[in-house]
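Everything on this sheet refers to the single structure shown next.
The values are calculated or read from the model by the stated rules, or taken from the named source; none is laboratory data. Since the model is a prediction, treat every value here as computed from it, not as a measurement. Positions of Cβ are generated from backbone atoms using ideal geometry, with glycine treated the same way; all protein chains shown enter the neighbour counts.
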């Protein structure tokens, strides 16, 4: 009797070799809109680049956390090999994430952090610093208008969510030492129609305000529409580089926007999971800072060319990742702490 040691790609019946099944990953978003579509594109581009598959899902509404958790739990039951989640709000996701990791499924988080969870890494921007930057840029526009004092109204679409609170605290820090009066963050809701109505009410109740500042992706498109409809003279500042927002920047309706590279928040965690599961590379531990971008009328055309064309966006980020994110473990740092 002879003993053969080794591996053969040919089946015993002599037929053609079966292709090796691709690793299956899952990605659960916190809701669906133009902003999260960019996260989805990043995740799917990463899956193609790494020769894995990823199923990207999310509830229709950003307030439907129970639906997102059900999707997440459904993926664990389908035995995907790794999961990424945008855990909004973070505290609610601690148990589902723990249950997944206890089942042997590695979990990474993006965009919204879940402090205290068993996810090994979070992919997102420095939210506090982004708030400081937003305030600093808005002050420049107010200075041009020779408005050194007055009231600025801030809206928060999901009160209590840590990353949004950090943006607000950073914004207040960036306005410290000035004569601007910064409001407490008003709840402006995540649902699009309710969000517009909330901003409409705030604008009507504060006719002397200097600016409206939104902390979420749905805010600026609605603020731009409201400003045009009411012929508002107030300034608009906020977050995320959707097509409508960039159009409003080009038109001069929105003054300054801070972007957070949502494409990278989709792309990088999928890459990390694929290389961990396939190549046994260790997962990043802590925080991968995806960085920020400041967009005004001065540079919006350059950004618009990338954001308005999916193929250009894919190529731009392929080059950007190669230059800046070659070693995710080397880039990992401790999770940011709450600041004020």
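Side notes on the structure shown:
- The single condition among (1) modelled with pLDDT of 95 or more; (2) over 22 Å from residue 325 (Cβ atoms); (3) part of a helix (DSSP H, G or I) that residue 76 does not satisfy is (1).
- Residue match in the range 47-56 (condition: in the same structural domain as residue 275 (by TED's automatic domain parsing), closer than 18 Å to residue 89 by Cβ and either modelled with pLDDT of 95 or more or assigned to a loop (DSSP other than H, G, I, E, B) (or both)): no
- Hits in the range 241-261 - residues which are surrounded by 19 or more Cβ atoms within 10 Å (Cβ to Cβ), under 20 Å from the mean Cα position of the chain (by Cα) and under 19 Å from residue 193 (Cβ atoms): 242, 245
- For the condition farther than 19 Å from residue 85 by Cα and loosely packed, with under 14 Cβ neighbours inside 10 Å, residue 314 does not qualify.
- Per the conditions (1) modelled with pLDDT of 95 or more; (2) more than 21 Å from residue 329 (Cα to Cα); (3) in contact with a strand residue (DSSP E or B) (Cβ under 9 Å, 6 or more places away or on another chain), the sole criterion not satisfied by residue 95 is (3).
- Within the range 110-139, the residues that satisfy the criterion of being more than 14 Å from the chain's Cα centre (by Cα), part of a helix (DSSP H, G or I) and either crowded, with 24+ Cβ neighbours inside 10 Å or free of Cβ contacts under 8 Å to residues at least 60 places away in the same chain (or both) are 131, 132, 134, 135, 136, 138, 139.
- Verdict on residue 281 being farther than 24 Å from residue 108 by Cα, modelled with pLDDT of 95 or more, outside the structural domain of residue 220 (by TED's automatic domain parsing) and surrounded by 13 or more Cβ atoms within 10 Å (Cβ to Cβ): no
- Qualifying residue in the range 74-92 (condition: in contact with a helix residue (DSSP H, G or I) (Cβ under 9 Å, 6 or more places away or on another chain), over 25 Å from residue 286 (Cβ atoms) and assigned by TED's automatic domain parsing to the domain that holds residue 271): no
- Out of 105, 152, one residue alone is part of a loop (DSSP other than H, G, I, E, B) and over 21 Å from residue 190 (Cβ atoms). It is 105.
- Tallying residues that are buried (at least 22 other Cβ atoms within 10 Å of the Cβ) and part of a helix (DSSP H, G or I) within the range 196-221 yields 4.
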